[in-house]
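First up is the structure itself, then whatever we jot down about it.
Please treat every number below as a calculation from the coordinates, not as lab data. Every value quoted in this text rests on a predicted model; they were computed, and no experiment measured them. Cβ placement follows ideal geometry from the backbone for every residue including glycine, while neighbour counts extend to all protein chains displayed.
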Amino acid sequence: MSKEIQLRIVTPERVVYDDSVRMVIAHGVEGELGILYEHTPLVTPLKVSVLRVRKGDIFYPIAVSGGGFAEIKPDQVTVLTDSAELPEEIDVERAYEAKKRAEDRLSRREEDPGIDVLRANSALLRALARIQAAEKWKS
């Protein structure tokens, strides 16, 4: 039997997840990380993405929409982020609406120089992470 690591995902508002898991797959700014028990200690910034958490034989997706950091120790992973959502908490319709709004803003950037492209891109990435987490959980 493989050993488990403690995963704790924390936002300014709450502890989103706190449980022992077999594996965590995270998207750091340098690339994808597969984290197992006895991983080398590391601190890395995270991209807006979907964390995949292996609990037993099931991969559980968690949307990390605020970027943040992961602190990895041999027996523990702590994710500090502005925003994270479990798939059952995600309002998929609202996420699709946010995606459409962001895409509309980005499509108008040539004709409207007042559009904040960085903000629109960030909104699009957050919406996509939320949609991806919710849809992975449904399937």
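Around residue 56, what is the net charge, scoring Lys/Arg as +1 and Asp/Glu as -1 over all other residues with Cβ under 13 Å from its Cβ?
0
Among 92, 77, which comes first, second and so on when ranked by fewest other beta-carbon atoms within 10 Å?
The most exposed by this proxy come first: 92, 77.
Relative contact order of the range 29-79, please, whole-number percent, based on alpha carbon pairs below 8 angstrom and at least 6 residues apart.
Dividing the mean separation by the residue count of the range 29-79 yields 40 percent.
Where a ≥ b ≥ c are the square roots of the eigenvalues of the C-alpha gyration tensor, would you call the range 5-85 rounded, which needs a/c under 1.5, or, failing that, prolate if a/b is larger than b/c, or oblate?
rounded
So how do 20, 65, 49 line up by other beta-carbon neighbours within 10 Å, fewest first?
Exposure proxy ranking, most exposed first: 20, 49, 65.
Over the range 15-107, calculate the relative contact order: mean separation of alpha carbon pairs under 8 Å at least 6 apart, over the residue count, as a percent.
So the answer I get is 22 percent.
In the structure shown, do any of 3/47; 47/99; 73/136; 47/136; 73/100 have a Cα-Cα gap over 29 Å, and if so which?
73/100
Helix 117-138 versus the longest principal axis of the chain: what is the Cα-based angle in degrees, 0 to 90, to the nearest 10?
In the chain, helix 117-138 runs at an angle near 50 degrees to the longest axis.
Given H placed 1.01 Å from N in the peptide plane, which residues other than close sequence neighbours of residue 60 have an amide H under 5 Å from its amide H?
So residue 60 has HN proximity to 53, 54, 55.
Provide the percentage of antiparallel DSSP beta bridges, counting only those with both residues in the range 5-85; round to the nearest 5.
In the range 5-85, DSSP labels about 85 percent of beta bridges as antiparallel.
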